[in-house]
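Note sheet for the following structure.
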């Protein structure tokens, strides 16, 4: 059997991504009905965390428990990775002990190297370059609350970061247009922009980017590992705060999402999360169901 990894959204075909989104909604409905469904009974997920987490850890751990399996949390303090064991050695060791590995770390190349030597599925729980698991939940949330995103306009406001990169790939796979609003010097990967072509457009004016959009999403201005740049970034991004007034420029049925945690008063105004167009807690809860759909896909 061919081992499938999930390191970026591009590891899925458009049809597979659509199926995962639909399956996540089915699993959510089953969860609400309290149906017992244990396709991963006695299966174990290893979870390597070099970056802190709330939603990623809880969604994967709870998902494995609900599926009848289990999950093991591993921080650098808990493993020999933190003492210099080569990635390829750890990968081969864990391949003989668990059924899949989820990694949340800084360097995307480290996850790729882990997957290269792994004989079990490897999942990217977040790197500095991509956050594909979050996009599964975002796309599930839009589908659940607004319907098919194909042909719509999504707007990313803020840093051209890992979330932005995964939004670019989602736009390609699900056939929607993406507007990116960011300050000069904070654009996403030029390589990813070139691959996306005319489907993605970069704006240096948030109002122009948001105008007519059906989905508006943002993230913190300084991600983990960029704390020393926080003051500089706060000044650079001052004109890119998402507010109810900015949302008024979007389509009348536009949805606002934020992957959380949010810094109120920075990337969003104090009142944005409480705006009726914001459904960030539905989005956060959907991480559970999206992760379960992914685990089922990779392990069964």
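Given the conditions (1) in contact with a strand residue (DSSP E or B) (Cβ under 9 Å, 6 or more places away or on another chain); (2) assigned to a loop (DSSP other than H, G, I, E, B); (3) within 26 Å of residue 296 (Cα to Cα), report the number of the one that residue 48 does not fulfil.
(2)
How many residues are loosely packed, with under 13 Cβ neighbours inside 10 Å and not in a helix (DSSP H, G or I) if we restrict to region 180-211?
Matching residues across region 180-211 total 3.
Only one residue in 25, 15 is in the same structural domain as residue 95 (by TED's automatic domain parsing) and touching a helix residue (DSSP H, G or I) at 6+ places or on another chain (Cβ under 8 Å), so which one is that? Reasoning before the result, please.
Values: 15 fails: touching a helix residue (DSSP H, G or I) at 6+ places or on another chain (Cβ under 8 Å).
Being in the same structural domain as residue 95 (by TED's automatic domain parsing) and touching a helix residue (DSSP H, G or I) at 6+ places or on another chain (Cβ under 8 Å) holds for just one of 25, 15, which is 25.
Would you say residue 70 is farther than 26 Å from residue 139 by Cβ and in contact with a helix residue (DSSP H, G or I) (Cβ under 7 Å, 6 or more places away or on another chain)? Don't jump to the end; show me each part of the working.
Values: farther than 26 Å from residue 139 by Cβ: yes; in contact with a helix residue (DSSP H, G or I) (Cβ under 7 Å, 6 or more places away or on another chain): yes.
Against the criterion (farther than 26 Å from residue 139 by Cβ and in contact with a helix residue (DSSP H, G or I) (Cβ under 7 Å, 6 or more places away or on another chain)), residue 70 qualifies.
Hey, residue 217 hits all of (1) touching a residue at least 60 places away in the same chain (Cβ under 8 Å); (2) surrounded by fewer than 17 Cβ atoms within 10 Å (Cβ to Cβ); (3) under 30 Å from residue 11 (Cβ atoms) but one; which does it fall short on?
Single failed check for residue 217: (2).
Please pick out the residue among 246, 260 that is in a helix (DSSP H, G or I), assigned by TED's automatic domain parsing to the domain that holds residue 276, surrounded by 14 or more Cβ atoms within 10 Å (Cβ to Cβ) and out of contact with any strand residue (DSSP E or B) (no Cβ under 6 Å at 6 or more places or on another chain). Give the steps one after another, and end with the answer.
Values: 260 fails: in a helix (DSSP H, G or I).
Being in a helix (DSSP H, G or I), assigned by TED's automatic domain parsing to the domain that holds residue 276, surrounded by 14 or more Cβ atoms within 10 Å (Cβ to Cβ) and out of contact with any strand residue (DSSP E or B) (no Cβ under 6 Å at 6 or more places or on another chain) holds for just one of 246, 260, which is 246.
Listed here are the residues, each with its yes/no results for (1) buried (at least 19 other Cβ atoms within 10 Å of the Cβ); (2) modelled with pLDDT under 95.
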residue: 1; (1), (2): no, yes
residue: 4; (1), (2): no, no
residue: 10; (1), (2): no, no
residue: 15; (1), (2): no, no
residue: 21; (1), (2): yes, no
residue: 29; (1), (2): no, no
residue: 33; (1), (2): no, no
residue: 40; (1), (2): yes, no
residue: 45; (1), (2): yes, no
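Filter region 64-86 for residues that are in contact (Cβ under 8 Å) with a residue 24 or more places away in the chain and part of a helix (DSSP H, G or I) and give the result. If you could, list the steps in order and put the result at the bottom.
Initial filter on region 64-86 (in contact (Cβ under 8 Å) with a residue 24 or more places away in the chain): 64, 66-76, 79, 81.
64, 66, 81 - these are the residues of region 64-86 that are in contact (Cβ under 8 Å) with a residue 24 or more places away in the chain and part of a helix (DSSP H, G or I).
Of the residues 59, 91, which is within 21 Å of residue 144 (Cβ to Cβ) and either buried (at least 20 other Cβ atoms within 10 Å of the Cβ) or in contact (Cβ under 8 Å) with a residue 60 or more places away in the chain (or both)? Before the answer, list the steps.
Details: 91 fails: within 21 Å of residue 144 (Cβ to Cβ).
Just one listed residue meets the conditions, 59.
If you check 209, 181, 170, 196, which single one turns out to be out of contact with any strand residue (DSSP E or B) (no Cβ under 6 Å at 6 or more places or on another chain) and farther than 23 Å from residue 22 by Cα? Reasoning before the result, please.
Numbers: 209 fails: out of contact with any strand residue (DSSP E or B) (no Cβ under 6 Å at 6 or more places or on another chain); 181 fails: out of contact with any strand residue (DSSP E or B) (no Cβ under 6 Å at 6 or more places or on another chain); 170 fails: farther than 23 Å from residue 22 by Cα.
The conditions single out 196.
For the subset of region 99-129 comprising residues that are closer than 25 Å to residue 283 by Cα and out of contact with any strand residue (DSSP E or B) (no Cβ under 6 Å at 6 or more places or on another chain), which member is surrounded by the most Cβ atoms within 10 Å (Cβ to Cβ)?
Out of the qualifying residues, it is 124.
Collect the residues in region 212-228 that are within 14 Å of residue 161 (Cα to Cα) and modelled with pLDDT of 80 or more, keeping them in residue-number order.
Step one: filter region 212-228 for residues within 14 Å of residue 161 (Cα to Cα), giving 217-226.
Answer for region 212-228, where residues must be within 14 Å of residue 161 (Cα to Cα) and modelled with pLDDT of 80 or more: 217, 218, 219, 220, 221, 222.
Which one is surrounded by the fewest Cβ atoms within 10 Å (Cβ to Cβ) among residues in region 263-300 that are within 18 Å of the chain's Cα centre (by Cα) and without any contact (Cβ under 8 Å) to a residue 24 or more places away in the chain?
Residue satisfying both the conditions and the ranking: 281.
The values are calculated or read from the model by the stated rules, or taken from the named source; none is laboratory data. Please read these numbers as outputs of a predicted model, since none were measured by experiment. Heads up, the Cβs are rebuilt from the backbone with ideal geometry, glycines too, and the neighbour counts pull from every protein chain shown.
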